[in-house]
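Report on one structure; see the data block that follows.
The values are calculated or read from the model by the stated rules, or taken from the named source; none is laboratory data. Worth saying up front: this structure is predicted, and the values here are computed from it rather than measured. Virtual Cβ from ideal backbone geometry, glycine too; neighbours counted across all protein chains shown. The accessibility values were calculated without ligands, DNA or RNA, using every heavy atom of the protein model including side chains. Shrake-Rupley method; radii C 1.70, N 1.55, O 1.52, S 1.80 Å.
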Amino acid sequence: MAAPLTLRDLHGRVMRDLRVSITDRCNFRCLYCLPETEEAANFYRGKFDALKNPQPAFTPLVREWKAKSALLTYEEIERIVRVAVGLGVEKVRITGGEPLLRRDVPELVARLAPIAGIRDLAMTTNGAYFAPHAAALRAAGLRRVSFSLDSLDQDNFKRITGRDGLRAVLAGIAQAKELGFAPVKVNAVVIRGLNDHELERLAQFAREQTVSLRFIEFMPLDSGHAWLRDLVVPGREILARLQARFDLCPVVSDNKSETAKRWTFEDGRGEIGIIAPVTEAFCGHCNRLRLTADGKIRTCLFSLHEHDLKPLLRGGATDAELAARLREIVLGKEDRHHIGEPGFEQPERTMSCIGG
Ligand code: SAM
Ligand code: SF4
Ligand code: SF4
């Protein structure tokens, strides 16, 4: 019998994880993703010696959202997911932008949840609108959700996200736990001088709320192009800080494609994870593909080229043709990122458009 077709790249990595962005819009303006103003984008100025960064790269922060007609419909998304699952994808994450800004997200969940072969269907959200949608999402078949929460201080939360939303996000997290979403994960992007003083408090929150709190290194994917190496708090430093405060036990995992290294607290309540794509890159085991809201496949967060599936989808291509195209696209997957190396080029699209 012939081996089943998979999405294998030229480096031997097999794609199992598809992140589907369903909108490029967002109601938040996180400094590290989609800052509202140039001043917000360059929040670090004054903290660092100007000589280190004599000519910060300023870009006008004009936003142009994709027109509705440019976005894939739920039918089109479902079709691509089915084809990808037929090629071995097992994990699907709905993301954005802020996915819950799109209408009828439970309808999309209800289309994806029954697809045989999906082992794990999850969503990443900033949480602001999660509570009112939680029950419908759960009923539609969503089992797992990750929230973004970078600060537990109301003022700092507002400074980082540009919005006064801490209370709503905390209500969303509480609601997710109550409805039995599991595990509930919380992502915090750590930025030096901005929220690194809250590391221990966030870890304590993981314990109190029995959630998995994952600290993420800041990557150069912000729309302000203001990323600086000095702003990255290395995963090792995060760990040392937390180990000084808590008794942490490493979680052993045989999943090589897992991006987070994880620890539990001594009493088993809550968990922390550290995702260090900048200082401890995990590209060698990367099994992820991304589908943008406007129908482009990105083989890497840092891809400079995208592959548009819309002409095939809207031009009458068969599923077999779509599958062949996906297999061909994956062959060109980048071996790794080049952050910090001479010639590194930040992609034009930001995390809010790529889908984290
Ligand atoms: N809006 C949703 C949210 O914030 O959860 C989903 C999309 S957001 C782009 C997905 C994840 O990307 C979030 O957890 C966010 O913190 C992370 N992210 C955004 N910009 C980032 C950056 N420059 N470096 C590292 N992570 C980033
Ligand atoms: Fe919006 Fe998420 Fe980006 Fe924040 S990280 S601006 S919530 S897309
Ligand atoms: Fe995968 Fe690219 Fe991220 Fe490396 S940088 S882990 S290749 S998406």
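Average accessible surface for the range 17-341: 44 Å² per residue, computed with a 1.4 Å probe over protein heavy atoms with every protein chain in place. Relative contact order, percent, of the chain when contacts are C-alpha pairs under 8 Å separated by at least 6 residues? Value for the chain: 23 percent. Across the range 152-158, coupling constants 3J(HN,Hα) worked out from phi with the 6.51/-1.76/1.60 Karplus curve, θ = phi - 60°, read 9, 9, 4, 5, 5, 4, 5 Hz, and Gly and Pro carry x. In degrees between 0 and 90, to the nearest 10, how far off the longest principal axis of the chain does helix 74-86 point, with axes built from Cα atoms? That works out to roughly 80 degrees.
Below 8 Å, C-alpha to C-alpha, sequence gap of six or more: please give me the relative contact order for the range 151-206 in percent. Averaging sequence separation for qualifying contacts and normalising by length gives 38 percent for the range 151-206. When each of the peptides 151-159, 34-42 is scored by how many other beta carbons lie within 10 Å of its residues on average, the order from highest to lowest is 34-42, 151-159.
Taking one quarter of the surface of the C-alpha convex hull of the range 58-146 gives a mean projected area of 7.2 nm². Taking the protein heavy atoms of the range 17-341 in the context of the full set of protein chains, the accessible area attributed to carbon and sulfur is 49 percent at 1.4 Å. By the Cβ distance rule (another cysteine Cβ under 4.7 Å), the unpaired cysteines of the chain are 26, 249, 283, 286, 300, 353. Normalising the Debye intensity of the range 103-248 to I(0), with uniform scatterers on Cα atoms only, and taking log10 at q = 0.11 Å⁻¹ returns -0.47.
Taking 0.36 nm per residue of sequence separation and subtracting the Cα-Cα distance, how much length would be gained by fully extending the chain between residue 200 and residue 70, in nm to one decimal? Could the numbers behind the result be given before it?
Details: separation 130, 0.36 × 130 = 46.80 nm, distance 4.28 nm.
Additional length available on full extension: 42.5 nm.
Between the C-alpha center of the range 172-243 and that of the range 283-356 there is a gap of 26 Å.
What the Cβ-Cβ distance of residue 327 and residue 154 gives, at R0 = 41 Å and to the nearest 0.05, is a FRET efficiency of 0.25. Note on residue 319/residue 107: beta-carbon distance plugged into 1/(1 + (r/R0)^6) with R0 of 25 Å gives a FRET efficiency of 0.70. Remark: relative contact order (the range 167-296) = 25 percent; criterion is Cα-Cα distance under 8 angstrom and separation of 6 or more residues.
For the chain, the Cα gyration tensor yields ellipsoid semi-axes of 30, 24, 21 Å (square root of five times each eigenvalue, largest first, whole Å).
Partners of residue 256 within straight-line reach, counting lysines whose Cα lies under 23 Å from its Cα and excluding those fewer than 8 residues away in the same chain: 91, 185, 333. Loop-located GluC sites (Glu not before Pro) in the range 227-288 (DSSP state not H, G, I, E or B) with no more than 15 neighbouring Cβ atoms inside 10 Å: 258, 266, 280. Sorting 117-130, 309-322, 214-227 by average packing, meaning the other beta carbons within 10 Å per residue, from highest down gives 214-227, 117-130, 309-322. Compared with the direct C-alpha span, the chain from residue 11 to residue 245 gains 80.2 nm at full extension, assuming 0.36 nm per residue.
Amide hydrogen proximity for residue 187: with H placed 1.01 Å from N in the peptide plane, the residues at 5 or more positions away or on another chain lying under 5 Å are 147, 148, 149, 214.
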